[in-house]
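Colleague: For reference, the structure I am asking about is given below.
The values are calculated or read from the model by the stated rules, or taken from the named source; none is laboratory data. Model, not experiment: these values are computed from the prediction. Please note: Cβ atoms are built from the backbone with ideal geometry, for glycine as well, and neighbour counts cover all protein chains shown.
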Amino acid sequence: MSEPFNHCDPSNAGLLGQKPATPGRASPTTGVGWFAVAQTVKFPVPQRRQTAAVQTITLPASPAAFADAGWSDIAPYYEDLATASLTRDNVEAWLKSWSQLEELIDEAGTMAMIAYTGDTADAEKEKAHLRFSTEIFPQAHEQGVRLSKRLLDLDYTRPGLETTVQRFRTDAEIFREENVALFAELEELSAQYQKIVGGLTAQWEGETKTIPQLQPYLKERDRQIRERAWRLGNEAYLVHRDELAALFDKMFIARTKVAGNAGFPNYQEYAFKSKHRFDYTPADCDRFHEAVERTVVPAVARQLEYRRERLGLDRVRPWDLGVELERVESLKPFDDAGVFVDRAKAIFRRVDPTLGNEFALMAADGLLDLESRKGKAPGGYCTKLSFRGKPFIFMNAVGVADDVNTLVHEAGHSFHDFAAHKQALIWQRSPGHEAAELASMSMELLASPYLQKPDGYYTADEARSAQIEHLEDILFSLPHIASVDAFQSWIYTSGEGHDAAARDRAWLEIRSRFEHGIDWSGLEQERVARWYRQLHIFEYPFYYIEYGIAQMGALQVWRHSLADQATAVKHYREALALGGTVGLPEIYQAAGARLVFDAETMGELVELVEKRLTQLRAA
Ligand SMILES: [Zn+2]
């Protein structure tokens with residue numbers, strides 16, 4: 001069981017998610033250089049694409065043309081699209097041209113990011129990455145808004161384009177010129193948060209360690225070591241509590257202004273719009289919290305009671321959560337990157353031959369940069385190369401069980417990219433995080449039966465313990481997700497969110513609602529520290545409930561697979577292929593699932609997880 005603290009996935013360590021805004025952070029990578037072959041991704045051989053809608057503009061043949069581009073090289077293409085005559089007769093060709101332009105820029109910028117995160121010491125690569133992230137992408141985005149207005153003015157739509165138009169319309173509706181400066185200010189404040197948090201250290205046996213470097217000690221069997229590491233980690237934050245609270249005050253003020261400028265009564269309502277949450281409301285999220293409280297919280301308390309007994313404790317303290325119950329030795333799934341990739345191929349082939357082939361194709365094309373080596377950015381991500389229609393996975397594998405979890409998760413995102421690329425236009429391929437994480441979290445569960453040798457990495461017994469840990473993680477992550485979401489809702493709607501002391505009190509109250517079975521007596525300040533550690537609350541407000549929604553969807557896909565694996569995977573792939581062309585309920589429905597906010601369905605799924613845990617422990 002790992003404390004959820006990462007950017008991408010609250011239940012797995014080391015994930016940054018799809019295309020991070022800024023590379024870095026997160027993964028507590030230990031051990032370096034167990035294997036080091038730098039793979040380089042090259043631009044594909046330029047080929048003129050027949051589909052290019054040259055009737056509006058002529059585009060370069062490949063993203064390589066933009067590799068060294070500055071904004072002035074790219075701006076004329078947008079200008080052409082902005083001034084070309086646009087009618088209902090040529091709108092499809094115009095959209096195709098615009099989409100291809102976005103693909104070219106996106107892939108060129110992604111290549112620059114991949115190159116940089118793979119070799120952060122190279123000043124040229126850093127410069128190229130920054131040229132895209134700070135110069136080209138923001139201006140391209142602005143031009144994109146300009147072009148989307150042309151489409152909206154035309155009042156044009158058709159089947160498959162409705163969700164794109166809906167997103168364009170929403171963005172246009174909430175856009176305010178006066179908010180641009182506020183967003184820049186929020187970026188700056190986020191950078192300050194990163195700087196404070198990234199610089200936190202603790203003294204450990206005469207050595208200076210970062211907070212992620214303390215993480216492995218939380219798994220120690222010696223309880224005193226765990227407690228010491230846990231306390232040190234929290235203390236590092238508590239020392240900066242006032243500074244972080246003052247920083248959040250500024251964020252709160254800026255966000256409240258953003259919402260007010262756009263005509264919303266509070267930032268929560270603005271956030272739901274800007275995140276394109278068309279299919280669920282704050283009230284649904286409240287129901288989700290209640291459902292977690294009724295169904296998951298008691299289940300986690302039962303798991304904690306089991307933990308208490310197994311560890312022979314009189315009470316479970318917060319530093320007792322990380323220690324593994326099923327085995328003393330850590331899993332060592334592989335010691336060579338070749339084995340890491342080959343076993344993954346075999347696992348995905350067992351899930352589905354097409355998915356196995358897609359993964360093999362990524363390996364063959366140098367689209368997997370998995371091994372940790374000096375100079376690489378920390379963490380992991382999956383991103384897509386929009387022009388060639390293939391994904392890329394980056395991580396820092398050192399041969400531990402989390403590496404397997406990370407790869408399987410990110411591979412789920414990559415299968416999504418492969419499937420969605422069949423949609424013609426770039427905007428039709430991207431659903432929101434709720435669907436993206438459905439793809440990755442479902443894959444974690446769909447792949448779990450095949451982690452065993454000869455296909456997978458583990459002996460039967462090791463595979464069993466990996467599954468147990470995964471299911472425990474799922475249960476334990478849900479109350480945390482509910483806490484973070486309920487807390488943010490409170491911050492922006494209670495009228496007291498501006499008050500630092502009130503925030504801390506509210507967090508404690510919310511935390512005691514969702515966290516039963518852990519003895520926090522005498523640790524109130526440490527308990528408060530937890531929210532300051534949750535970077536989403538600072539940097540990505542309201543981005544968290546998606547994980548809960550997706551986990552509920554993934555559990556439904558899994559439930560289906562236990563009865564009929566082939567059909568469950570077939571539906572999974574069909575859902576992925578929809579990209580972002582339909583609403584969230586339709587995507588979930590195609591996967592054989594639905595959006596779950598109610599206690600009844602959540603209760604069924606929780607019961608299934610608990611039952612499976614009991615079976616696995618008895619095996
Ligand atoms: Zn993810």
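Colleague: Mind checking which residues of the range 389-420 are touching a Ser or Thr at 6+ places or on another chain (Cβ under 8 Å) and assigned to a strand (DSSP E or B)?
Modeller: Across the range 389-420, the qualifying residues are Pro391, Phe392, Ile393, Phe394, Met395, Asn396, Ala397.
Colleague: Now a separate question. Would you be able to say whether some residue in the range 591-604 is out of contact with any Ser or Thr (no Cβ under 6 Å at 6 or more places or on another chain), assigned to a helix (DSSP H, G or I) and crowded, with 23+ Cβ neighbours inside 10 Å? Show your work before the answer.
Modeller: Within the range 591-604, the subset out of contact with any Ser or Thr (no Cβ under 6 Å at 6 or more places or on another chain) is 591-598, 600-601, 604.
Filter once more, keeping what is assigned to a helix (DSSP H, G or I): 600-601, 604.
Now restrict to residues that are crowded, with 23+ Cβ neighbours inside 10 Å: none.
Taking every residue of the range 591-604 in turn, none turns out to be out of contact with any Ser or Thr (no Cβ under 6 Å at 6 or more places or on another chain), assigned to a helix (DSSP H, G or I) and crowded, with 23+ Cβ neighbours inside 10 Å.
Colleague: Looking at the range 389-408, can you tell me whether even one residue there is surrounded by fewer than 22 Cβ atoms within 10 Å (Cβ to Cβ) and more than 19 Å from Asp336 (Cα to Cα)?
Modeller: Within the range 389-408 (the criterion being surrounded by fewer than 22 Cβ atoms within 10 Å (Cβ to Cβ) and more than 19 Å from Asp336 (Cα to Cα)), the answer is yes, since at least one residue qualifies.
Colleague: Evaluate the following for Ile537: is it within 22 Å of Gln215 (Cβ to Cβ) and part of a loop (DSSP other than H, G, I, E, B)? Quick ask: steps written out before the conclusion?
Modeller: On the way: within 22 Å of Gln215 (Cβ to Cβ): yes; part of a loop (DSSP other than H, G, I, E, B): no.
No.
Colleague: Would you be able to say whether some residue in the range 375-386 is assigned to a loop (DSSP other than H, G, I, E, B), among the charged types (D, E, K, R), within 20 Å of Met443 (Cβ to Cβ) and in contact with a helix residue (DSSP H, G or I) (Cβ under 9 Å, 6 or more places away or on another chain)?
Modeller: First, pick out the residues of the range 375-386 that are assigned to a loop (DSSP other than H, G, I, E, B): 375-380, 386.
Next, from what is left, pick out any that are among the charged types (D, E, K, R): 376.
Within this subset, residues satisfying the condition of being within 20 Å of Met443 (Cβ to Cβ) are none.
Within the range 375-386, none of the residues are assigned to a loop (DSSP other than H, G, I, E, B), among the charged types (D, E, K, R), within 20 Å of Met443 (Cβ to Cβ) and in contact with a helix residue (DSSP H, G or I) (Cβ under 9 Å, 6 or more places away or on another chain).
Colleague: Given the options Pro378, Pro353, name the one that is without any contact (Cβ under 8 Å) to a residue 60 or more places away in the chain and surrounded by fewer than 21 Cβ atoms within 10 Å (Cβ to Cβ).
Modeller: Values: Pro378 fails: without any contact (Cβ under 8 Å) to a residue 60 or more places away in the chain.
Exactly one of Pro378, Pro353 is without any contact (Cβ under 8 Å) to a residue 60 or more places away in the chain and surrounded by fewer than 21 Cβ atoms within 10 Å (Cβ to Cβ), namely Pro353.
Colleague: Just checking: which of the helices (runs of 4 or more DSSP H) contained wholly in the range 170-254 hold 2 or more residues that are free of Cβ contacts under 8 Å to residues at least 24 places away in the same chain and under 28 Å from Ala502 (Cβ atoms)? Don't jump to the end; show me each part of the working.
Modeller: On the way: elements: 179-198, 211-214, 223-239.
Those helices (runs of 4 or more DSSP H) span 179-198.
Colleague: Somewhere in the range 60-67, is a residue without any contact (Cβ under 8 Å) to a residue 24 or more places away in the chain and more than 22 Å from Trp427 (Cα to Cα)? Give the derivation first.
Modeller: Looking only at the range 60-67, we keep the residues that are without any contact (Cβ under 8 Å) to a residue 24 or more places away in the chain, and these are 61.
Pick out the ones that are also more than 22 Å from Trp427 (Cα to Cα) and you get none.
No, the range 60-67 has no match at all.
Colleague: Of everything in the range 345-359, what is among the aromatic types (Phe, Trp, Tyr) and touching an Asp or Glu at 6+ places or on another chain (Cβ under 9 Å)? Give them in sequence order.
Modeller: So in the range 345-359, the residues among the aromatic types (Phe, Trp, Tyr) come out as 348, 359.
Once the filter is applied, which keeps residues that are among the aromatic types (Phe, Trp, Tyr) and touching an Asp or Glu at 6+ places or on another chain (Cβ under 9 Å), the range 345-359 yields only Phe348.
Colleague: Now for a different question. If I go through the range 381-429 residue by residue, how many of them are out of contact with any Gly (no Cβ under 6 Å at 6 or more places or on another chain), touching a residue at least 60 places away in the same chain (Cβ under 8 Å), farther than 30 Å from Ile468 by Cβ and away from the ligand (no atom under 15 Å from the Cβ)?
Modeller: 11
Colleague: Would you confirm whether or not the range 448-460 contains a residue that is in contact with a strand residue (DSSP E or B) (Cβ under 9 Å, 6 or more places away or on another chain), modelled with pLDDT of 95 or more, more than 16 Å from the ligand (Cβ to nearest atom) and part of a helix (DSSP H, G or I)? Spell out how you get there, then give the answer.
Modeller: Quick first cut of the range 448-460, residues in contact with a strand residue (DSSP E or B) (Cβ under 9 Å, 6 or more places away or on another chain) only: 451-452, 458-460.
This time we only want the ones that are modelled with pLDDT of 95 or more, so: 451-452, 458-460.
Restricting the remaining residues to those that are more than 16 Å from the ligand (Cβ to nearest atom) gives 451-452, 458-460.
Still in the list and also part of a helix (DSSP H, G or I): 460.
Yes, some residue in the range 448-460 is in contact with a strand residue (DSSP E or B) (Cβ under 9 Å, 6 or more places away or on another chain), modelled with pLDDT of 95 or more, more than 16 Å from the ligand (Cβ to nearest atom) and part of a helix (DSSP H, G or I).
Colleague: Residues in the range 26-35: is at least one within 16 Å of the ligand (Cβ to nearest atom) and either among the charged types (D, E, K, R) or at pLDDT below 95 (or both)?
Modeller: Yes, some residue in the range 26-35 is within 16 Å of the ligand (Cβ to nearest atom) and either among the charged types (D, E, K, R) or at pLDDT below 95 (or both).
Colleague: When you go through Ala501, Ala566, Ala506 one by one, which is the residue that is under 22 Å from Val197 (Cα atoms), among the small types (Gly, Ala, Ser), more than 20 Å from the chain's Cα centre (by Cα) and surrounded by fewer than 21 Cβ atoms within 10 Å (Cβ to Cβ)? I'd like the intermediate steps shown before the answer.
Modeller: On the way: Ala566 fails: under 22 Å from Val197 (Cα atoms); Ala506 fails: under 22 Å from Val197 (Cα atoms).
Answer to the check: Ala501.
Colleague: Let me ask another. Is one or more of the residues making up the range 337-352 of a type in the set (Asp, Glu), within 16 Å of the ligand (Cβ to nearest atom) and either in contact with a helix residue (DSSP H, G or I) (Cβ under 8 Å, 6 or more places away or on another chain) or not in a loop (DSSP other than H, G, I, E, B) (or both)? Break it down stepwise before answering.
Modeller: Looking only at the range 337-352, we keep the residues that are of a type in the set (Asp, Glu), and these are 342, 352.
Cutting the leftovers down to within 16 Å of the ligand (Cβ to nearest atom) gives us none.
No: the range 337-352 contains no residue that is of a type in the set (Asp, Glu), within 16 Å of the ligand (Cβ to nearest atom) and either in contact with a helix residue (DSSP H, G or I) (Cβ under 8 Å, 6 or more places away or on another chain) or not in a loop (DSSP other than H, G, I, E, B) (or both).
Colleague: Turning to a different aspect of this structure: Among residues belonging to the range 541-563 that are touching a residue at least 60 places away in the same chain (Cβ under 8 Å) and either among the aliphatic types (A, V, I, L, M) or surrounded by fewer than 18 Cβ atoms within 10 Å (Cβ to Cβ) (or both), point out the one that is nearest to Trp507 (Cα to Cα). First the steps, then the outcome.
Modeller: Applying the first criterion (touching a residue at least 60 places away in the same chain (Cβ under 8 Å)) to the range 541-563 yields 541-551, 553-555, 557-558, 561.
Still in the list and also either among the aliphatic types (A, V, I, L, M) or surrounded by fewer than 18 Cβ atoms within 10 Å (Cβ to Cβ) (or both): 545, 549-550, 554-555, 557.
Numbers: Ile545: 16, Ile549: 22, Ala550: 24, Ala554: 28, Leu555: 28, Val557: 33 Å.
Filtering first and then ranking leaves Ile545.
Colleague: Right, Glu326: in contact with a helix residue (DSSP H, G or I) (Cβ under 8 Å, 6 or more places away or on another chain), surrounded by fewer than 22 Cβ atoms within 10 Å (Cβ to Cβ) and touching a residue at least 12 places away in the same chain (Cβ under 8 Å) or not?
Modeller: On the way: in contact with a helix residue (DSSP H, G or I) (Cβ under 8 Å, 6 or more places away or on another chain): yes; surrounded by fewer than 22 Cβ atoms within 10 Å (Cβ to Cβ): yes; touching a residue at least 12 places away in the same chain (Cβ under 8 Å): yes.
Yes; evaluated as a whole, the condition is true for this residue.
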